[in-house]
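Quick note: the coordinates plus some simple rules give every number you see, no bench work behind them. As the structure is a prediction and not an experimental result, all values here were calculated from the model.
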């Protein structure tokens, strides 16, 4: 039976935590850039996730990625409401935006507490 070589796992540094906080911050204020900051954060999430071995960090990268793609799907599904009338489209997009904000804040708080996403 082989033993696990724990020396190959990198210890998490304060810089790693800072990167996660910045990513959550970018996702949270993405509305101010019409989503550009979320796309930048998404790319970093994918890059960092590929080299991640810590379960906590991996779960939060996956959480942010899922939140982004589910939001895009909801926006695409709700987009025909804009063609019908202005109010239903605006209401749908507002609800989707609030849901996205809730997911970002919830994940960020769970990360700050050291809990899985």
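Dividing the summed helix terms, -39500 (n - 2.57) for each DSSP H run of n ≥ 4, by the number of residues in the chain produces a 222 nm estimate of -24500 deg cm²/dmol to the nearest 500.
Scaling against 2.2 N^0.38 Å puts the C-alpha radius of gyration of the chain at 1.28. Relative to the longest principal axis of the Cα atoms of the chain, the long axis of helix 55-78 lies at roughly 10 degrees.
In terms of its Cα atoms, the range 49-117 spans 47, 23, 10 Å along the principal axes, sorted from long to short.
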